[in-house]
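Worksheet: the structure to be examined is printed underneath.
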Amino acid sequence: MERDDEGVLAPRLRLGAVLIRGVAAGAVGAVVAIVAALTVGDHDARMEFLAAVGGLCLIVGGSLLAVGLYFWTACVGDIRRLRDWPTVSGQDDAASVVAPVSIRLGALGLVVAPVAIGLYHLVDGAAYGSWLYSR
């Protein structure tokens, strides 16, 4: 732990911990995506929903993870939490706050994407009239 400018002890952010929190949020997001997909009544609409969620999460999640890792390596000595946003004094400091946020959101998206794509394939292969196939 190190002391910040006000003398408060603040633990440093670790990349592994940031990724674990993003994956945990992604697991919750995957459950939400599954429940939302199963509430869609029409078979074709359900498949379109799952394809859109899977594709968007894959593209946006991968992009955010790449941007976050880039900023993390650029600001490796000074990674800040979102609550430290008021301490940002210039453009250089903003990247140190954006890095962990982008990594968490990217990990969230990359967990939801394979779940949605996998469910898409399950719905596509489901027997006509089953609860998974829908109407």
The Kirkwood hydrodynamic radius of the chain, taken as the inverse of the mean 1/r over all distinct Cα pairs, in Å, comes to 16.6
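With a 1.4 Å probe and every protein chain left in place, work out the accessible area per residue of the chain in Å², rounded to a whole number. Show your work: numbers first, answer last.
Details: 8170 Å² over 135 residues.
Using a 1.4 Å probe on heavy atoms only, each residue of the chain averages 61 Å².
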Tell me which of VAL115, TYR128, VAL40 sits at the most positive position along the dipole axis of the chain, charges placed on C-beta atoms (Lys, Arg +1; Asp, Glu -1). TYR128
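Please report, in debye to the nearest 20, how large the charge dipole of the chain is about its Cα centre when each Lys and Arg carries +1 at its beta carbon and each Asp and Glu carries -1 there. Don't jump to the answer; show the numbers that get you there.
Numbers: 10 positive and 12 negative charges, 68 e Å.
It works out to roughly 320 debye.
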What helix-only [θ] at 222 nm does the chain give? Using -39500 (n - 2.57) per DSSP H run of at least 4, over all residues, to the nearest 500, the answer is -24500 deg cm²/dmol
Across 10 Å bins from the origin, how do the percents of Cα pairs in region 58-117 run, short distances first? 27, 44, 22, 7, 0
Residue-wise HN-Hα coupling along region 55-62, computed from phi with Karplus coefficients 6.51, -1.76, 1.60 (Hz; x: Gly, Pro): x, 5, 5, 5, 5, 5, x, x
Normalised by the number of residues in the chain, what is the relative contact order in percent for Cα pairs under 8 Å and 6+ residues apart? 36
Once the Cβ-Cβ distance between ILE34 and LEU82 is put in as r, and R0 is 25 Å, what FRET efficiency do you end up with, to the nearest 0.05? 0.35
Could you give the length gained on full extension between ALA66 and ASP42, defined as 0.36 nm per residue of separation minus the Cα-Cα distance, in nm? 5.1 nm
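Classify region 5-79 from the C-alpha gyration tensor, please: rounded if a/c falls under 1.5, else prolate or oblate depending on whether a/b exceeds b/c.
Numbers: a/c = 4.69, a/b = 2.38, b/c = 1.97.
In terms of gyration-tensor shape, prolate.
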Net length gained if the chain between TYR133 and LEU56 were fully extended (0.36 nm per residue, minus Cα distance): 25.4 nm
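The values are calculated or read from the model by the stated rules, or taken from the named source; none is laboratory data. These numbers were taken from a predicted model, which means no experiment stands behind them. Cβ coordinates were reconstructed from backbone atoms using ideal geometry, including for glycine residues, and neighbour counts include every protein chain displayed. Quick note on the areas: whole protein, heavy atoms, side chains included, nothing else; ligands and nucleic acids left out. Shrake-Rupley method; radii C 1.70, N 1.55, O 1.52, S 1.80 Å.
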